[in-house]
Amino acid sequence: MSAVADDGLARQPQGHSAGHGAAHGGHHPPGAHGTFRSYMTGFVLSVVLTTIPFWLVMGDVLNDTLVASIVIMAMAAVQIVVHMIYFLHMNTKSEGGWTFMSLTFTLTLVVITLVGSIWVMYHMDQNMMPMSPHEALQKP
């Protein structure tokens, strides 16, 4: 059989691809997947971190909407971390630290984008809103 398949793409010999995966243990290092206990811990934490904000809103526990919003966003941030640790198995040691580095870069870009967007929208609201007739009379 030739190295070129019917679709015209070059293929590696069968022995190389079979031996490569077996020699390196597949794509993941040993212990990269979580145990049943770690998955259950992540699941329970996710359920708790979802239930608490739901209870806060539905039970009208916090009367101040600003405090409630901050608590809900904090729970969401903690839940993101739980998902990354328990389900995505991200840590500073996985893949030589590159997954953590890419996460840090992505979070930096997201924060810059969100803060910049909110800043622009705030200033556009302040500077572009039409004046009331009272404000127009007071303007020199």
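Only the coordinates and a few stated rules stand behind these numbers; no lab work does. What you are looking at is a predicted structure, and each value in this text was computed from that prediction instead of being measured. Backbone-built Cβ (ideal geometry, glycine too); neighbour counts: all protein chains shown.
Maximal additional length on extending the T106-A74 stretch stands at 9.6 nm, based on 0.36 nm per residue less the C-alpha distance. Here r is the Cβ-Cβ distance between M84 and V61 and R0 is 25 Å; the resulting FRET efficiency, rounded to 0.05, is 0.35. The value for segment 56-100 of Rg(Cα) / (2.2 N^0.38 Å) is 1.66. With a Förster radius of 35 Å applied to the C-beta separation of N91 and M124, the computed FRET efficiency comes to 0.30.
Can you give the FRET efficiency to the nearest 0.05 for K139 and V115, using r as the Cβ-Cβ distance and R₀ = 41 Å? Working shown, then result.
On the way: r = 32 Å, r/R0 = 0.77.
Taking R0 as 41 Å, the efficiency between K139 and V115 is 0.80.
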